[in-house]
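Below is one structure; the comments refer to it alone.
The values are calculated or read from the model by the stated rules, or taken from the named source; none is laboratory data. Just so it is clear, the model here is predicted, and its values are computed rather than measured. Here the Cβ positions follow ideal geometry from the backbone for every residue, glycine too, while neighbour counts run over all protein chains shown. For the accessible areas, the whole protein counts, side chains as well, though only heavy atoms, and no ligand, DNA or RNA atoms are used. Shrake-Rupley method; radii C 1.70, N 1.55, O 1.52, S 1.80 Å.
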Amino acid sequence: MILALALFVSACDSSSPNDDPQEVVAARAVDIPSDPIIGLGSDGRPVGANAFSFFSLRTGQIVASADSASTGWDLGFKGSTIIVNGGTSGPGNGAAQIVEGIFSDVMEAPENGWVQDSADVQAIPTGSGNGWYNYNFATQVLSPIPGRVIMVRTADGRYAKVSMISYYQGAPSTPSADNTSRFVTFDYVFQPDGSRNLQ
Amino acid sequence: MDAVVVTATRSPSVLRDVPIPTRVISAEQIQARAALRLSDLLAEEPGMVLSHFLGTGIQLQGLDPAYTLILIDGEPVIGRSGGTLDLDRFTVMDIASIEIVQGPSSSLYGSEALAGVINIRTRQPEEPFRLQIGLRRQTHNTDNWVGSIEGSQGRYAWRMNADRLQSDGYDLHPETPGLTGPGYATNTFSGRFDATINSKLSARVNARFATEDQRNVLGFQQEGFVFTFEESEQRDDWSLSPSLLWRVRSGHTWTLRNHISDYRTESLLAGGIDGREQELSTFDQGIRKLELQNDLILGTTLLLNTGAGIQREVVDAGRITGETRSNRTAWLFSQQQFFLTEAFDLTTSVRFDHHTDYGWQVSPKVGFMIKSGKSVRLRGSVGTGFKAPTFQQLYMDYTNPVAGYSVIGSADASNLLAKLIESGRIRTVITDLTAFETVTPESSVSFNVSGDTDVGPALHVHFSAFRNHVRDLVETLPIAIKTNGQQVFSYVNLSRIVTQGINAEVRWRPIQTSRISLGYQLLDTRDLDVIDGIDNGDYFGRKNGRDFRLSRSDYGGLFGRSRHTASLQVSTNIPGTSADIQIRGALKSRYGFGDQNGNLILDADQEYVDGHTLWNVTVNQPLSGFAHMQIGLVNALDHVNADQIPSLSGRQVFAALTINTP
């Protein structure tokens, strides 16, 4: 199968989105705000607005939070937490699971093993080493774990795979605690035709 | 030149013929190099690498500082923080010699003597009366005052030492609040009293008291906001060691030794963005030890050393369950030194430790020595070492007030977790608690071989090789997730590592007034579980945004280990003068700093600290029979790496003057 690659330099860039792709989308979402720091809390520590950024894998766009109760988004980002549009997190059919492997080698979404967000468990687990990242207490840097691919079932039951690239603004190659955090960059491949084929 | 060493066999032995290889740094070398602290001295020795984590520790045979036992006159020094016994705590002014035994010595000393033993031997009173005072001034407003007084009269001899070191500290990041190396003031008083009661009985008392004050402003930036905290720490430690020696007859002695020691820290962190936060933490550790040893020569071929002892240890700290915990160890050791033939000695030893928390530990060791002539020596040994779990690993009960995560000791993990579950603070339990066990000692099996020979009268050559298999290393693991999303950690016996290496050293005296020594170490370290993981394809790296499976050749081993280290020491008279100059260099090849790419292991180039060489220079000028002047450079080439080696200030200059009674 020959695929047209719609490669978006920036998902925030609204100049070239394809709102309703018919073919596989392979793109990089750059610097999606993940509840960035906006000020200081009552305890004097930096806090964000405690709000998710909602992202649509179909359009490659951030969805307004007013539409958070819709199926118009697939992944939500807040700090290092990622939610799917399903279960306790949203009205959609979204689910996820993490597989080990090389992003480009994962050709097919799994048939089974899908997990939805619930009171007890996150589809994409939080905590250092549990899901998509490791946190280094010594350097205070959060790094995506190489070889972990987030498999996503979207709100409307399509399939996608996601590889997290960075937690820091501008996706620096060797981030330090001085970099501005809570801006995620990730690669993804989205299959709009409903099949599990992610080639 | 025939120095007598005591550490390797817990009994006196001529250095040249000691069955377990021992390295000695003599008082003359210590004096000539003008080191300030024990750490400065050890850093210049081949195969010994400083590491900086909660203090300055020493890495022996590629193993962390927690695995080297530090003794003063044969008695253990306490006060480790995160496994590191801070070697900056010890002045060198009262040291007569330092003996370093590499490889495990748990068969004689028990816990902690896994990578080796470093024994500091203090100065004995030698003169009828002698007074010495000195002052040293150094960059960063560092001042060191020293004074000692000793005397002997008939059957009594005594010596007292005082040392004060203070410094303003240094700053490698002037743009951030606080200093990189904080200012401090430390005072050490030590003394010993020797009494010869009669021809068979002698007594000795050693005492030491040290105190340190350190203050700093801690500032860090988080998301563009600057937080500042004022941090102050007070450290006090003291010890008292009376001992009694009874010479029953020639070749048969009994030694009774008592050792009482206490180490206490109090640190206060105050400030935060609104100045309201305050955290006081205290730690108080005490030991009381009593030991009896018998040394007996049987005929001409067997020397027996037998000992038994008990020790009680108490820790009082805000961060452990119940605040005060104690445990007891009792032990028995036996060593047989067989002088089988003119050319072959065999040494066997075994120690049994019984500990109230982890039960029995048996540590055997066997070593041999083949001798040829006066100088050719080939030594080898197989032995085991162990390290007991720390109080923190057993009894910790701590919740970080800022981040909200918790750490609980393994001995109380089930109880503490049950309480957390009862109070509704746990969302998910990760570990099967029925299978959760109290951590047991980490243990090792080690192989050491070494050879020594004189090549002519002016050249000595030494080589050695070692391999350590250490298992049951204690690691922190998350055992539960709290309702606030943070994790609860505890300790488990988990990983297995191997460290192995080769050392070579050449000591050359080209002319009577010059000495050159050159040492080299090749070191290889690895975590065996990581190796298994790589073989299973479980480890990935990322290069230019693409993931790939790691192969063994991508793995750089344990963090903080240089593959190549070398040391050069040159000491020579400056022609036409009475002065001498000492030049010492210590080379480290690149070493792992920390994970950068999320796989937690050392595999990518950006995870290394660049290799470097540090040079120190000292010039000694005797002024007359009763005065001595020294000038010198520390870090002479001004090597600085502010981000990765904050413990290293730039070049420092010093001048010192010592005056003593003739």
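When you take every Cα atom in the range B:353-489, what is the radius of gyration, and what is Dmax, the widest Cα pair distance, in Å?
23.7, 76
Under a Cβ-only charge scheme (Lys and Arg +1, Asp and Glu -1), can you give me the dipole magnitude of the protein assembly as shown about the Cα centre, in debye to the nearest 20?
Computed about the Cα centre, the dipole is about 3140 debye.
How large is ³J(HN,Hα) for each residue in the range A:141-156, as worked out from phi by the Karplus curve 6.51 cos²θ - 1.76 cosθ + 1.60 (θ = phi - 60°), to whole Hz, x for Gly and Pro?
10, 9, 10, x, 7, x, x, 10, 10, 8, 8, 10, 9, 7, 4, 9
So, counting K/R as plus one and D/E as minus one, what does the shell of residues with Cβ under 13 Å around B:Val205 add up to?
Surrounding charge for B:Val205 is +2.
What accessible area per residue, rounded to a whole number of Å², is obtained for the protein assembly as shown using a probe radius of 1.4 Å?
44
If the chain between B:Leu346 and B:Val506 were fully stretched, how many nm would it gain, using 0.36 nm times the residue separation less the Cα-Cα distance?
54.9 nm
What's the percent breakdown of Cα-Cα distances in the range A:145-199 across 10 Å bins, shortest bin first?
Histogram of Cα-Cα distances, whole percents per bin: 24, 39, 26, 11, 1.
How large is the accessible surface of B:Val376 in square angstrom, using a 1.4 angstrom probe and rounding to the nearest 10?
Roll a 1.4 Å probe over it and B:Val376 shows about 60 Å².
Report, in degrees rounded to the nearest 10, the 0 to 90 angle that the Cα long axis of helix B:413-422 makes with the longest principal axis of chain B.
20
Looking at this model, which pairs from A:Lys161/B:Lys543; B:Lys289/B:Lys482; B:Lys200/B:Lys374 are more than 30 angstrom apart at the alpha-carbon?
Over 30 Å apart, Cα to Cα: B:Lys289/B:Lys482; B:Lys200/B:Lys374.
Rg over Rh of the range B:4-660, using C-alpha atoms and the Kirkwood radius, what does it come to?
Over the Cα atoms of the range B:4-660, Rg/Rh equals 0.96.
Excluding ligands and nucleic acids, what accessible area in Å² is computed for B:Ser97 using a 1.4 Å probe, to the nearest 10?
20
Which ³J(HN,Hα) values, rounded to whole Hz and listed in residue order, are derived for the range B:50-58 from phi using the Karplus coefficients 6.51, -1.76 and 1.60 in 6.51 cos²θ - 1.76 cosθ + 1.60 with θ = phi - 60°, glycine and proline given as x?
6, 10, 10, 8, 6, x, 9, x, 10
Out of the total accessible area of the protein assembly as shown (probe 1.4 Å, heavy atoms of protein only), what percent is carbon and sulfur?
56
Chains A and B: how much accessible area gets covered up at their contact, both sides added, probe 1.4 Å, in Å² to the nearest hundred?
2700
As a test question: what accessible area, to the nearest 10 Å², does B:Lys200 have when a 1.4 Å probe is rolled over all protein chains in place?
Probe radius 1.4 Å; accessible area of B:Lys200 about 100 Å².
For the protein assembly as shown, what is the mean residue ellipticity at 222 nm derived from helices alone (per DSSP H run of n ≥ 4: -39500 (n - 2.57); sum divided by total residues; nearest 500 deg cm²/dmol)?
That calculation yields -1000 deg cm²/dmol at 222 nm.
With r defined as the distance between the Cβ atoms of A:Asp178 and B:Gln606 and R0 fixed at 22 Å, what FRET efficiency is calculated, to the nearest 0.05?
0.90
Under 15 Å from the Cβ of B:Phe352, count the other residues' Cβ atoms, weight Lys and Arg +1, Asp and Glu -1, and hand me the total.
+1
Sequence gap at least 6, Cα distance under 8 Å: using those rules, report the relative contact order of the range B:4-660 to the nearest whole percent.
Over the range B:4-660, the number comes to 10 percent.
What stretch of chain B, leaving out the sites themselves, is the longest with no GluC sites (Glu not before Pro) in a DSSP loop having at most 10 other Cβ atoms within 10 Å?
Answer - B:343-662.
Separation between the A:Ile102 and B:Ala195 pseudo-spin-labels, each 7 Å from Cα along Cα→Cβ, expressed in nm?
Here the modelled spin labels are 7.8 nm apart.
Direction-averaged shadow area of the convex hull around the Cα atoms of the protein assembly as shown, nm²?
39.5
Excluding B:Asn620 itself, calculate the net charge of residues whose Cβ lies under 15 Å from the Cβ of B:Asn620, where each Lys or Arg counts +1 and each Asp or Glu counts -1.
Result for the neighbourhood of B:Asn620: +2.
Which of B:Pro622, B:Ser250, B:Gly151 sits farthest toward the positive end of the charge dipole of the protein assembly as shown, with +1 on the Cβ of Lys and Arg and -1 on the Cβ of Asp and Glu?
After comparing all options, I get B:Ser250.
In terms of modelled amide H atoms, which long-range or inter-chain residues lie less than 5 Å from the amide H of B:Ser81?
Amide H neighbours of B:Ser81, under 5 Å, 5+ apart: B:Asp86.
Quick check: the distance between the Cα centres of the range B:288-316 and the range A:120-199, to the nearest angstrom?
The distance from the Cα centre of the range B:288-316 to that of the range A:120-199 comes to 59 Å.
Can you compute the modelled spin-label distance between B:Ala308 and B:Ser232, with each label point 7 Å from Cα toward Cβ, in nm?
5.0
Where a Cα-Cα gap under 19 Å defines reach, which lysines qualify for B:Lys365, not counting those fewer than 8 residues away within the same chain?
The qualifying lysines are B:Lys387.
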